[in-house]
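Input: a single structure, listed below in structure tokens.
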Amino acid sequence: MSRSVICLFALAGASMAGESPADRKPPFHLEFGGYVNRVDRGYGTWQGADIQVRYSGFKFAAPFASAITQSRPNASQPSFGVGSYLFLHPHFYSIVSASYAPDRPMPVYPKYRYDVLGCFIVPKKTQLVLTTGYTQYQLKPGATRVLSAGAIYYYKRAVVSGGVNFNEVNPGKHRSQSGQFAFMYGREGQFWVGAGVNGGRVAYPSVASLPFDVRFDSIGSYVFARRWLRRNFGVLARYDFMQMLDAYQSNAINLGLFFDF
């Protein structure tokens with residue numbers, strides 16, 4: 001699963017932990033959609049689709065599963081993931097996940113990926129959640145490790161989040177840092193709108209089949225909207241911009257539907 005998806009799960013998990021029984025939705029949540037990504041400098045158009053399902057009927061866990069696929073002019077690959085929220089304490093919950101992508105001559109996704117995220121609800125300041133996480137994934141010819149720290153703050157209908165990542169890419173132990181900031185406004189069951197920015201340094205461009213011993217600065221941003229059309233049904237839209245300096249620029253549009261049942 002992508003790190004952006006994990007972060008969104010983190011926000012959702014914090015909301016779920018604070019729900020009253022009267023506000024609780026049906027236990028199953030299904031979400032699916034597709035996207036088109038235009039990438040310059042000859043990389044062409046990338047297309048993909050994803051589906052996610054979550055079950056929140058248990059008291060101490062909310063398992064989820066996902067499948068995603070992406071096609072590029074010279075590559076195509078699916079990836080499959082499973083995970084769960086773990087509500088271990090009134091002031092602490094965790095999100096764990098793992099994913100697998102079958103081998104392809106030109107890989108798009110990591111073959112293996114593992115994520116662990118811990119979320120600490122600050123006592124007497126329940127609007128503030130501190131997060132820390134670890135990610136490891138295998139993408140030929142080496143492994144990447146990411147340590148992260150951040151925070152989520154709730155104020156009325158607004159949610160603000162931010163964090164920093166410490167990355168190590170192998171072989172070569174190339175170290176870099178990156179960060180992100182996001183803002184959401186709305187209410188579950190009605191609508192959410194939001195935007196985010198991210199930036200940092202990567203050890204090599206992800207569109208290459210082999211790593212280069214160089215570093216690229218990257219900046220990105222996104223806006224999204226999620227609207228409930230009925231109590232258990234809605235639509236979503238998202239636009240992503242990414243500028244990998246000296247490498248490429250991409251513009252992606254994602255459209256999808258979601259259901260609760």
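Descriptive notes on the structure:
- Conditions (1) among the small types (Gly, Ala, Ser); (2) in contact with a Gly (Cβ under 6 Å, 6 or more places away or on another chain); (3) at pLDDT below 95: number failed by ALA75: (2)
- Enumeration of residues in region 37-52 that are closer than 12 Å to SER71 by Cα and not in a strand (DSSP E or B): TYR43
- VAL214 being among the β-branched types (Val, Ile, Thr) and either within 19 Å of the chain's Cα centre (by Cα) or modelled with pLDDT of 95 or more (or both): no
- For region 130-166, filtering for residues that are surrounded by fewer than 17 Cβ atoms within 10 Å (Cβ to Cβ), in contact with a strand residue (DSSP E or B) (Cβ under 6 Å, 6 or more places away or on another chain) and of a type in the set (Phe, Trp, Tyr) leaves 3.
- Region 167-178 - residue that is surrounded by fewer than 15 Cβ atoms within 10 Å (Cβ to Cβ) and not polar (S, T, N, Q) and, of those, nearest to ILE253 (Cα to Cα): ARG175
- Test: residue in region 56-64 that is within 19 Å of the chain's Cα centre (by Cα), surrounded by fewer than 14 Cβ atoms within 10 Å (Cβ to Cβ) and assigned to a strand (DSSP E or B): no
- Scope region 192-201; condition surrounded by 15 or more Cβ atoms within 10 Å (Cβ to Cβ), under 21 Å from LEU236 (Cβ atoms) and not small (Gly, Ala, Ser); matching residues: TRP192, VAL197, ASN198
- Which listed residue, of PHE241, PHE224, PHE259, is assigned to a strand (DSSP E or B), in contact with a Gly (Cβ under 9 Å, 6 or more places away or on another chain), modelled with pLDDT of 95 or more and surrounded by fewer than 15 Cβ atoms within 10 Å (Cβ to Cβ): PHE241
- Elements of type strands (runs of 3 or more DSSP E) contained in region 147-205, each with 1 or more residues being within 26 Å of LYS124 (Cα to Cα), in contact (Cβ under 8 Å) with a residue 40 or more places away in the chain and not small (Gly, Ala, Ser): 158-169, 174-187
- Picking from residues in region 80-110 that are outside any loop (DSSP other than H, G, I, E, B) and touching a residue at least 40 places away in the same chain (Cβ under 8 Å), the one that is surrounded by the most Cβ atoms within 10 Å (Cβ to Cβ) is TYR85.
The values are calculated or read from the model by the stated rules, or taken from the named source; none is laboratory data. Values in this document were obtained by computation on a predicted structure and should not be read as measured data. As a convention, Cβ positions derive from the backbone with ideal geometry for all residues, glycine included, and neighbour counts pool all protein chains shown.
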